[in-house]
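Notes follow the structure.
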Amino acid sequence: MKLLSRLSALAALLALLAQPAAALVEQSFLQWQETGDTVPNASPVRVYARALKTGCTGVCETDTLLFCQDMTKTLFYRAQGQSTYTSMPMTFNNGDCYTPLDEYFADIPTAALSGDSVFFYCEFADGDGAAAFTARPGSPEATFTATTPAFYLVENATSENFTLHVVGDFHCVTNNGQGPGISGSFNGWVYQAMTQVSPRVYAYDIVWPAGSALTIEFKFRNGTDWESLPGGPFANREFTVPSGATTGEYSGYWNDEAECPCVEAPLGANAMVIFAVDMQHQDPASYAGGVGIRGTRAPLNWDTTIALSDVGHPGLFSGMVIFPAGTLNTLEYKFLKSTDGTAWTYEDGSNRRLCMVAGFTALPNAFFSNYVPPAGTTVPITAHFSQDMNCIGTVTSVSLQGSVAPLDWTAGTTPMTDADLDGVWEADVTFPVGSAFEVEYKTAFTTDGSTWNWEDNILNRPFTLDDATPNMTLPPTSWDDWFCPPNLEIVYVGGQVTLSWTAVPLATGYSVYSQIDGYPAPTSLSTFVTTTTDTTVTLPATGRAFYVVIAEK
């Protein structure tokens with residue numbers, strides 16, 4: 001009887017487990033990305049949402065007895081201009097039995113990102129048909145449905161591969177598990193260990209391929225811990241890729257806490273701290289007499305400046321200060337600069353604070369007065385380009401190429417014009433807000449409308465955009481840096497060719513090149529013939545030839 005009772009009880013238990021969970025979906029909300037976020041138009045957009053259902057969610061769905069078999073999870077989306085939604089099943093996010101154990105995802109395909117925005121909502125439905133729609137986290141009344149959908153703004157994607165060098169200061173953190181790391185939109189928010197570059201300071205290079213969103217989102221990790229940033233649990237760090245840029249720099253403190261929660265206590269051993277300050281955005285005359293530091297703990301004080309050394313990097317000054325054992329570990333300090341080495345000026349703002357630890361600490365580079373360098377230009381800047389093509393002769397088109405949009409390296413995309421037919425081709429190019437400051441460019445020409453010839457005797461021509469100069473006129477350039485004397489004449493008499501030209505001011509001499517049977521005009525310097533300081537030269541005739549005279553300066 002006892003055996004039969006046990007078998008009956010086991011059968012009843014199995015029957016109970018085999019039944020669909022009776023509870024309804026109690027709550028569901030959009031996890032990430034948040035409605036209103038901006039996404040790129042070059043790759044699918046992953047939507048994460050959470051659903052809570054007692055007896056179903058909260059465990060890994062690899063446990064088939066507790067699998068949410070009676071709950072359907074569906075993403076609905078429609079492109080801008082469409083009236084009907086397309087449905088797509090959502091997948092349980094079970095990577096490493098991910099916590100929280102109630103998150104699902106699906107991808108909005110690239111084809112739906114053709115407009116300025118895309119609309120969507122998620123539905124979690126029970127077996128009996130009762131449905132729950134996603135809401136904003138913490139706002140269950142603001143549900144997203146077919147009539148009130150969530151949305152993403154759609155933007156053009158990045159045009160270049162981009163690497164962001166991220167430095168994280170973890171001096172307020174006790175290592176947990178795998179220790180300092182990073183997660184973000186660059187790797188699907190998976191933990192990635194960072195590399196230690198100095199005590200408690202770690203670095204990682206985010207590789208962001210062309211075709212990605214203009215904004216990179218990420219957070220620092222400490223093993224399984226996520227940092228908590230101002231703005232709430234869904235606040236992330238952000239970096240916007242400047243137009244045309246290929247590299248960038250970012251640094252920050254864990255939890256954005258430059259000051260650790262610090263329990264004041266004497267140091268048990270010496271603390272060796274390297275302080276570093278970046279002065280490159282200050283007027284060099286303002287620190288011609290030196291850069292230094294003062295503070296609250298000996299050997300620092302508020303009356304005497306300890307000098308920092310120029311380390312060879314433009315504008316970067318640093319130095320080590322040793323605080324002896326027994327010194328209180330709380331420190332306030334400021335950087336100073338001097339024009340003459342005697343009168344010192346403090347940086348703006350409140351005192352900097354540090355919770356010192358025994359041993360060696362290299363603090364991240366700080367900007368004097370906490371200056372924040374812009375990631376790109378802050379105003380539109382129009383640059384005027386002019387290129388002298390008189391050394392080439394007749395061309396049908398001249399094009400400007402470069403490294404920063406709207407320039408690119410495809411010949412013919414930015415045409416130049418010769419409005420007054422003087423052989424000097426010109427173009428005005430407007431670089432939008434957010435453009436990279438450093439630009440490189442070259443020109444190309446064609447004589448047949450299809451085959452383009454590039455300048456090949458020079459490297460790319462560089463120049464720097466300047467927010468203070470919204471209208472720039474670049475110095476005129478000549479093809480391949482050739483300069484041809486004006487009014488060149490050719491006279492053939494008795495088997496000789498006489499070339500003559502108008503003198504060029506400040507010229508030290510003239511070089512003559514020839515290209516036998518050289519039609520059309522050469523696109524690079526041909527055979528060297530002779531050099532002269534005169535404005536005429538007589539040469540033996542060698543049949544049909546093309547001559548180039550270059551003024552030397």
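The values are calculated or read from the model by the stated rules, or taken from the named source; none is laboratory data. The structure displayed is predicted, hence computed values, not measured ones. When we count neighbours, we look across all protein chains shown, and the Cβ atoms used for this are built from the backbone with ideal geometry, even at glycine.
Beta carbons closer than 6 Å, at least 6 apart along the sequence or on distinct chains, pair a first residue in segment 253-269 that is under 26 Å from Val167 (Cα atoms) with a second that is part of a strand (DSSP E or B) for Tyr253/Asp169; Trp254/Phe220; Glu259/Arg353; Cys260/Cys355; Cys262/Thr330; Cys262/Cys355. Residues of segment 465-487 that are surrounded by fewer than 16 Cβ atoms within 10 Å (Cβ to Cβ) and not small (Gly, Ala, Ser): Asp466, Asp467, Thr469, Pro470, Asn471, Thr473, Leu474, Pro475, Pro476, Asp481, Pro486, Asn487. Residue count for segment 209-221, restricted to those that are over 13 Å from the mean Cα position of the chain (by Cα) and either among the acidic types (Asp, Glu) or farther than 28 Å from Thr158 by Cα (or both): 0.
Counting the residues of segment 161-198 that are part of a loop (DSSP other than H, G, I, E, B) and either assigned by TED's automatic domain parsing to the domain that holds Trp32 or surrounded by fewer than 16 Cβ atoms within 10 Å (Cβ to Cβ) (or both) gives 9. Of the residues making up segment 372-391, those that are among the polar types (S, T, N, Q), under 30 Å from Thr215 (Cα atoms) and either surrounded by 14 or more Cβ atoms within 10 Å (Cβ to Cβ) or modelled with pLDDT under 95 (or both) are Thr377, Thr378. Among the residues here, Leu331 qualifies as under 18 Å from Asp303 (Cα atoms) and either in the same structural domain as Leu421 (by TED's automatic domain parsing) or among the hydrophobic types (A, V, I, L, M, F, W, C) (or both).
Within segment 457-478, being of a type in the set (A, V, I, L, M) and assigned to a loop (DSSP other than H, G, I, E, B) holds for Ile458, Leu459, Leu465, Ala468, Leu474. Among the residues of segment 148-159, the one identified as assigned to a loop (DSSP other than H, G, I, E, B) and surrounded by 21 or more Cβ atoms within 10 Å (Cβ to Cβ) is Thr158. Scanning segment 254-301 for residues that are over 37 Å from the mean Cα position of the chain (by Cα) and surrounded by fewer than 18 Cβ atoms within 10 Å (Cβ to Cβ) turns up Val263, Glu264, Ala265, Pro266, Gly268, Ala269, Asn270, Thr296, Ala298, Pro299, Asn301. Exactly one residue out of Val273, Val277 is assigned to a strand (DSSP E or B), in contact with a helix residue (DSSP H, G or I) (Cβ under 6 Å, 6 or more places away or on another chain) and closer than 23 Å to Ala358 by Cα, and it is Val277. In the set Pro462, Pro415, Pro432, only one residue is in the same structural domain as Cys391 (by TED's automatic domain parsing), in contact (Cβ under 8 Å) with a residue 40 or more places away in the chain and either under 19 Å from Ala245 (Cβ atoms) or surrounded by fewer than 17 Cβ atoms within 10 Å (Cβ to Cβ) (or both); that residue is Pro432.
Out of Thr224, Thr304, one residue alone is at pLDDT below 95, over 24 Å from the mean Cα position of the chain (by Cα) and of a type in the set (Ser, Thr, Tyr). It is Thr224. Listed by position, the strands (runs of 3 or more DSSP E) inside segment 354-429 whose residues that are within 24 Å of the chain's Cα centre (by Cα) and not hydrophobic (A, V, I, L, M, F, W, C) number at least 1 are 381-388, 397-402.
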